[in-house]
Amino acid sequence: MPASLHYKPEMAYFPKRLRELMDRSGLNQVELERRSSVDQSTISKYLRGTVEPTLESLMALARALRCSLEDLTGLEALHEVEAKLPAVSDKAMKLAQFIEALDDSDPLKKYLLELIRAKSESHDTGASGGETIK
């Protein structure tokens, strides 16, 4: 196991959340450094989103800010969103299990994975395809 564990929070969210928690606690970067032992220049990089925090730093910051790791990293908000999403349908699970069971050299597996990837990318870009997987 590596000497320093890394957790990659959503970097678009983490700097904003860190700033919100600092403001809520009334702490500036120097005061947060004193309470957490995380270097002020590192905190500044976290706030700019240029460096990803180590798990050790996240734990120290959470203690200093008196919040949970989930709250600091945005996982708490993610869990709330996930709870609102519908469960994966039985059909989707069956399809995933079918694809997983196929041999990696099977051309059908390659085709299905490419089809799913293409649909996913078109969905991410807002494009609308006419096919529906049933």
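Tallying residues that are part of a loop (DSSP other than H, G, I, E, B) and within 11 Å of residue 18 (Cα to Cα) within the range 34-52 yields 1. Taken together, 52, 20 contain a single residue that is under 15 Å from residue 69 (Cα atoms), in contact with a His (Cβ under 9 Å, 6 or more places away or on another chain) and of a type outside the set (Gly, Ala, Ser), which is 52.
Filtered by the rule that a residue be assigned to a helix (DSSP H, G or I), among the hydroxyl-bearing types (Ser, Thr, Tyr) and either modelled with pLDDT of 85 or more or touching a Cys at 6+ places or on another chain (Cβ under 8 Å) (or both), the range 82-134 gives a lone residue, 111.
If you go through the range 115-124 and keep only what is surrounded by fewer than 12 Cβ atoms within 10 Å (Cβ to Cβ) and over 16 Å from residue 92 (Cα atoms), you end up with 121, 123, 124.
Among the residues of the range 30-63, those that are surrounded by fewer than 17 Cβ atoms within 10 Å (Cβ to Cβ) and over 18 Å from residue 13 (Cα atoms) comprise 30, 31, 34, 35, 37, 39, 40, 41, 56, 63.
The values are calculated or read from the model by the stated rules, or taken from the named source; none is laboratory data. Here the structure is a predicted model, which means the values were calculated and not measured. No Cβ is skipped: glycine too gets one built from the backbone with ideal geometry, and neighbour counts run over all protein chains shown.
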